[in-house]
Amino acid sequence: MWWLNLRDEADINTITTYTTSDSRIERGAYLARAGNCMTCHTARGGQPYAGGLGIATPFGTVFTSNLTPDSATGIGSWSNDHFWRALHNGRSKDGRLLYPAFPYTSYTQVTREDSDALFVYLRSLPAVSQPNLPHGLRFPFNSQAALAVWRALYFKPGVYQPEASRSAEWNRGAYLVGGLGHCSACHSPRNALGGTQQSLALSGGLIPMQNWYAPSLASPHEAGLAGWRQEDIVSLLQAGVAPGASVTGPMAEVVLGSTQHLTLPDLNAMASYLKALPGAGTAEETAAPAPRPASAPANPERAAKLYEQHCAQCHGDKGQGVANAYPPLAGNRAVTMPSTTNLVQMVLNGGYPPATARNPRPFGMPPFVLVLSDSDVAEVITHIRTSWGNQADKVTPLEINRIRASQAE
């Protein structure tokens with residue numbers, strides 16, 4: 001089994017040299033934005049790229065590493081081959097297997113040229129002396145042996161290979177979405193061991209420990225983009241808003257720290273790829289759901305009153321929304337998709353699109369966690385999911401309580 005963890009490795013013998021005018025520095029800075037590297041490798045209030053951010057997982061906490069060129073605590077003693085091995089093979093300079101909270105399962109698709117540019121950029125940063133924190137993982141997940149088994153099951157290194165039958169734009173989009181963008185890290189379902197299947201990539205999944213659902217980017221009933229105009233997809237990635245839609249939760253952080261900074265050709269490439277993703281599969285699966293009787297709230301009058309008091313001012317008395325401000329609720333896939341996790345999160349904790357260059361003052365939604373009880377939240381969400389032509393299952397107070405309790409832990 002151990003040989004499976006040594007596949008496709010190169011000799012470690014190359015040292016990168018560069019000057020402060022090296023064009024790879026600018027290129028690497030751009031690629032770091034595409035990978036949203038600084039967001040994870042910067043602790044709150046800490047120095048950029050110096051690590052120390054704790055990432056909660058179902059198996060314990062993983063702390064991000066120092067990527068500055070400090071020779072003792074960062075990557076100052078690394079070669080570009082060491083960095084390539086980390087990105088491509090998921091192994092550190094000393095040969096340790098890395099935990100997949102660092103998404104090398106996606107980064108393995110990055111080309112050697114882009115890896116070297118990233119490394120040159122990181123080596124150009126100010127050195128910060130900040131020792132890496134030990135991970136807080138439970139046994140047996142804290143052992144290299146257990147990690148080797150996981151990798152043998154769920155990881156295979158391999159640089160992205162363009163599809164000859166596809167356009168250059170589509171291939172560029174596939175490379176960005178699947179590699180540095182590591183979109184499947186959130187938008188794919190995970191099993192009990194945290195593994196994903198390539199066949200289910202981008203089919204939607206609950207983000208562990210965050211209690212946000214990253215919807216399917218293929219299903220037309222969730223966040224599939226086949227029916228969108230390409231310019232609207234670009235707008236969502238660049239501005240955080242598009243006609244009738246906006247990003248919140250973890251995706252707002254992605255737009256804020258990454259996609260808003262990408263070039264229009266790269267954004268169009270990503271849009272081209274996402275728009276061309278296959279649907280849920282068969283024609284039967286992609287067809288509109290059959291009409292069914294609405295599952296009314298337990299107390300329809302009270303539910304309607306709650307909506308009138310707390311929601312109608314922004315979203316309209318018939319859920320029509322306000323153009324360029326508040327998204328409609330009638331006919332909104334984010335409202336009617338099977339997972340109600342995001343709806344509950346937004347009602348409890350508010351919804352905040354990112355402030356971007358194209359949309360510097362976004363309209364947000366206030367939190368109601370201290371205003372509405374679990375029963376109130378269940379009633380008003382059920383009212384929204386069953387009104388104005390929406391046909392979706394009701395939400396129970398138990399579902400609300402589960403998410404509210406998880407945030408108090």
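Read the figures in this text as sums done on the coordinates, not as results from a lab. Computed from a prediction, not measured in an experiment: that's the story for all the values here. So basically every Cβ, Gly included, is an ideal-geometry build from the backbone, and we count neighbours across all protein chains shown.
A few remarks follow.
- Amide H contacts under 5 Å for GLY316: GLY321, restricted to partners 5 or more places along the chain or on a different chain, H placed in the peptide plane at 1.01 Å from N.
- What the Cα atoms of segment 2-154 give is an Rg and a Dmax of 15.1, 47 Å.
- Choice from LEU67, LEU137, LEU97 showing the highest fluctuation, given a GNM over the chain with Cα pairs closer than 10 Å: LEU137
- Distance between the modelled labels on GLN144 and ASP393, one decimal in nanometres: 4.5 nm (7 Å Cα→Cβ projection).
- Annotation for ASN132 and ASN401: the two label points, set 7 Å from Cα along the Cα-Cβ direction, are 4.3 nm apart.
- Derived scalar couplings between HN and Hα for segment 93-107 equal 4, 7, x, 4, 6, 8, 6, x, 4, 7, x, 5, 4, 9, 5 Hz in order, rounded to whole Hz, by the Karplus curve 6.51 cos²θ - 1.76 cosθ + 1.60 (θ = phi - 60°), x for Gly and Pro.
- Among GLY46, GLY195, GLY178: highest mean-square fluctuation, GNM of the chain, C-alpha pairs under 10 Å: GLY46
- Eigen-decomposition of the gyration tensor built on the alpha-carbon atoms of the chain gives equivalent ellipsoid semi-axes of 40, 23, 21 angstrom, largest listed first.
- A cut-off of 5 Å between modelled amide H atoms, ignoring neighbours fewer than 5 places along the same chain, links TRP212 with ILE207.
- Length added when fully stretched, TYR160-ARG361, from 0.36 nm per residue minus Cα-Cα: 68.6 nm
- ³J(HN,Hα) computed for each position of segment 45-55 - Karplus, 6.51 cos²θ - 1.76 cosθ + 1.60, integer Hz, glycine/proline x: x, x, 6, x, 6, 8, x, x, 7, x, 10
- Using a cutoff of 8 angstrom between alpha carbon atoms and counting only pairs six or more residues apart, the relative contact order for segment 168-286 works out to 30 percent.
- Rounded, prolate or oblate (a/c below 1.5 giving rounded, otherwise prolate when a/b exceeds b/c) for segment 300-408 by Cα gyration tensor: oblate
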